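A short worksheet on the structure shown next.
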Amino acid sequence: MGDLLPEIESDLTIYKGGPVSEENLYFVHRVPHLIPDSIKISEGMFWGGDFDAVQDLLANNSLKEDDIRFFLGYSGWSKDQLQDELETTSWIVIENQYQNIFGISDQSFWKDQLMKFGGEYKLWANAPENPSLN
């Protein structure tokens, strides 16, 4: 965080949120009682809110890594695009089993999920992040 916004002294990670509006910082969190104007997006998960409050919370070390996640950009689809991608099996769909995404390790999550499928998915799970370096 401090590399992107030097006025904020924090070592929280900023994740790649997607290819849309990568110049904008977005955040999801689980502390609406601390961040005014948050929007509930699911049970225990909230989108955005008053960024000045977030800055104050970070300055006071009142936010933990498992309270909030920051993203540059977001993923978005045009009308019917996602449905078309689902029909062409461009996505693997599983039921959400997680009440709290904030405690999930980002280092192994996708690999762990692919390994559960077995077969050819194990190949993808073990593929290097950048195949050209293989």
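The values are calculated or read from the model by the stated rules, or taken from the named source; none is laboratory data. Everything numeric in this text was worked out from a predicted model, so none of it was measured. Ideal geometry is used to build each Cβ from the backbone, glycine not excepted, and the neighbour counts take in all protein chains shown. The protein model used for the area step is the full one, side chains on, heavy atoms only, and it has no ligands, DNA or RNA in it. Shrake-Rupley method; radii C 1.70, N 1.55, O 1.52, S 1.80 Å.
Structure values in brief
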quantity	calculated
Per-pair calculated FRET efficiency, R0 = 35 Å: Asp80 and Gln107 via Cβ, rounded to 0.05	0.50
1.4 Å probe accessible area per residue over the stretch 22-105, in Å²	67
Semi-axis lengths (Å, descending) of the ellipsoid that matches the C-alpha gyration tensor of the stretch 64-113	25, 16, 10
Percent of Cα-Cα distances greater than 18 Å, calculated over the chain	66
Rg/Rg_ref, the stretch 14-57, where Rg_ref = 2.2 N^0.38 Å and atoms are Cα	1.19
Extension gain from Phe51 to Asn100, taking 0.36 nm per residue of separation minus the Cα-Cα distance	15.5 nm
Percent carbon-and-sulfur accessible area, the chain, ignoring ligands, DNA and RNA, probe 1.4 Å	51
